Amino acid sequence: MRENSRCYGSRRVLEALKEQGVKVGRHRVRRLMQEQDWRAIQPRSRFGDPIRTQND
């Protein structure tokens, strides 16, 4: 499992639960996250808006 990252989506939560021996499916994890109002933090782009050329 990746360390030093605080971004947990349903896949990462599922991976952590499997490491602890919990048998559960990803869709159940996703549903429970939604019920608890847990949101995955989406990484932000390291780049700004794309540069527009004259042909765009």
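The values are calculated or read from the model by the stated rules, or taken from the named source; none is laboratory data. Predicted model, so just to flag it, every value in this text is computed and none were measured. Quick reminder, even Gly has a Cβ in these numbers, built from the backbone with ideal geometry, and neighbours come from all protein chains shown.
A few notes on this one:
- Annotation: V29 fulfils all but one of (1) part of a helix (DSSP H, G or I); (2) modelled with pLDDT under 90; (3) of a type in the set (V, I, T); the unmet one is (2).
- Residue, nearest to C7 (Cα to Cα), within region 32-56, restricted to residues that are at pLDDT below 90 and of a type in the set (S, T, N, Q): Q42
- If the condition is being under 10 Å from the mean Cα position of the chain (by Cα) and without any contact (Cβ under 8 Å) to a residue 24 or more places away in the chain, then region 29-41 contributes only R39.
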